[in-house]
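Notes follow once the structure below has been shown.
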Amino acid sequence: MKKIVFKIAISCLFKLLLFGQSFQPVWEQLDVNVGPGYFTSVYVLNENIAYVAGDNGKLIKTYDAGDTWETLPSGTDADIMDVWFTDENTGYFGCHYYVYKTTNGGYSWSSLSLPIDGYYEKIQFT
């Protein structure tokens, strides 16, 4: 993440010095090749690893700062509303009335039995 932010900051500074204040930031569209649908959550663990979750149980991961993406088995067809990782192996996602947990970097997930009934839209740890 620091590498990406640093590259963006250097690029913006260079353009500002070269062109003054008349430049526009440029976004690059990445082809993650997961088919139609939409994404609902992005979680960046570090400068190389990030997770993106979406509709119909879509869950993808990058190991190389977004150069390549891998589809992970979420174990659900429900829309994943939020994804959060506490380290490289342990992560959680919420989809409707369930929360799922992984302990192997997202390669398998287990539904958690929580004492609170409700619709899970956001997961966050401090």
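The values are calculated or read from the model by the stated rules, or taken from the named source; none is laboratory data. What you see is a predicted model, and the numbers here were worked out from it, not measured in a lab. Quick reminder, even Gly has a Cβ in these numbers, built from the backbone with ideal geometry, and neighbours come from all protein chains shown.
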TODO: Return the total of residues in the range 46-65 being free of Cβ contacts under 8 Å to residues at least 60 places away in the same chain, surrounded by fewer than 18 Cβ atoms within 10 Å (Cβ to Cβ) and either part of a loop (DSSP other than H, G, I, E, B) or of a type in the set (A, V, I, L, M) (or both).
DONE: 5
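So that you can scan it fast, the table gives a plain yes or no per residue for (1) of a type in the set (A, V, I, L, M); (2) closer than 21 Å to GLY35 by Cβ:
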residue: ILE49; (1), (2): yes, no
residue: GLY54; (1), (2): no, yes
residue: ILE60; (1), (2): yes, yes
residue: ASP79; (1), (2): no, yes
Task: Among the candidates THR102, THR71, THR126, THR90, residue that is surrounded by fewer than 19 Cβ atoms within 10 Å (Cβ to Cβ), modelled with pLDDT of 95 or more and not small (Gly, Ala, Ser) - done: THR90
Open item on the list: Being surrounded by fewer than 18 Cβ atoms within 10 Å (Cβ to Cβ) and touching a Lys or Arg at 6+ places or on another chain (Cβ under 6 Å) is the filter here; which residues of the range 74-86 pass it?
Closed with: none
TODO: Kindly list, by first and then second residue, each pair from a residue in the range 95-115 that is in a strand (DSSP E or B) to a residue that is among the acidic types (Asp, Glu), limited to pairs with Cβ atoms under 8 Å and residues at least 6 apart or on different chains.
DONE: CYS95/ASP79; HIS96/ASP79
